[in-house]
Amino acid sequence: MDRLALFIDGSFVYNCAKRMGWNVDHRKVIEHFPSGFALFNAFYYAPITDWNDERQQKFLDALIFMGYSVRSREVRGEAPSFEAHIATDLLITAPRWDVALLASGAAQLVPAVEAVRTMGKEVHLLGIPELVDLDIRSATDRFIDLKEYRELLEREGGGRRVFPDVTQELANTENAGAEASEEPRTEEG
């Protein structure tokens, strides 16, 4: 059985989710994509804006509990950039896996992807077309459009709070109040 390694750029997946309008369930990612493979490892690269933020710590703890090897670093105001970490992990771990699933859109990863492909490894790219650089897409063996996996990977409830649209509820309440204040009509005959 072929061995699979996941390399997930958390900032990239977050930006994909914002663009698609739905959140990715990372537990479902680690459960779905290794089917048919033996999972070597699942790396998750997470930017941290504040080490004291309890929500961020809980998120990292949840990822670890799910089975991810979390690579994190603090970012302050700059765009999070994990390309060097991802490239290093791709190259160092390549002897231990056959197929890599890479969730990133960064062209800076092209040399690392080309290097592991010359070693006989397959690299599949997970993302959405509008956020993936054409060079990285061309360098991989297969592109997997995240949008096509909504039914399988969307996070349901829990996690980040989703607030209802109170404007519609307010309008319904006002309409109900107006209808109740009207006197019943009678037909005259």
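The values are calculated or read from the model by the stated rules, or taken from the named source; none is laboratory data. Computed from a predicted structure; not experimentally measured. Glycine also receives a Cβ, built like all others from the backbone with ideal geometry; neighbour counts cover every protein chain displayed.
The table below lists the values:
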{"item": "Selection count, segment 102-127, where residues are surrounded by 18 or more Cβ atoms within 10 Å (Cβ to Cβ), in a helix (DSSP H, G or I) and either small (Gly, Ala, Ser) or touching a residue at least 60 places away in the same chain (Cβ under 8 Å) (or both)", "result": "1"}
{"item": "So Asp145, is it of a type outside the set (A, V, I, L, M, F, W, C) and at pLDDT 95 or above", "result": "yes"}
{"item": "Residue match in segment 72-86 (condition: assigned to a helix (DSSP H, G or I) and touching a strand residue (DSSP E or B) at 6+ places or on another chain (Cβ under 6 Å))", "result": "yes"}
{"item": "Unmet criterion (only one of (1) touching a Gly at 6+ places or on another chain (Cβ under 9 Å); (2) surrounded by fewer than 18 Cβ atoms within 10 Å (Cβ to Cβ); (3) among the hydroxyl-bearing types (Ser, Thr, Tyr)) for Tyr45", "result": "(2)"}
{"item": "Unmet requirement for Ala17, which otherwise passes all of (1) under 16 Å from Gly127 (Cα atoms); (2) of a type in the set (Gly, Ala, Ser); (3) at pLDDT 95 or above", "result": "(3)"}
{"item": "Search result, residues across segment 136-159 that are touching a Leu at 6+ places or on another chain (Cβ under 7 Å) and either closer than 19 Å to Tyr14 by Cβ or of a type in the set (Ser, Thr, Tyr) (or both)", "result": "Ile136, Thr140, Ile144, Leu146"}
{"item": "Filtered residue count, segment 114-131, keeping only those that are more than 14 Å from Leu101 (Cβ to Cβ) and within 17 Å of the chain's Cα centre (by Cα)", "result": "4"}
{"item": "Any pair with Cβ under 8 angstrom, 6 or more apart, that starts in segment 38-51 at a residue that is within 9 Å of Leu4 (Cβ to Cβ) and ends at one that is of a type in the set (Asp, Glu)", "result": "Ala38/Asp2"}
{"item": "From the options Ile86, Ile30, residue that is in contact (Cβ under 8 Å) with a residue 24 or more places away in the chain and touching a Gly at 6+ places or on another chain (Cβ under 7 Å)", "result": "Ile30"}
{"item": "Matching option when the condition is surrounded by fewer than 16 Cβ atoms within 10 Å (Cβ to Cβ), in contact with a Lys or Arg (Cβ under 8 Å, 6 or more places away or on another chain) and closer than 27 Å to Thr49 by Cα, among Glu78, Glu130, Glu74", "result": "Glu130"}
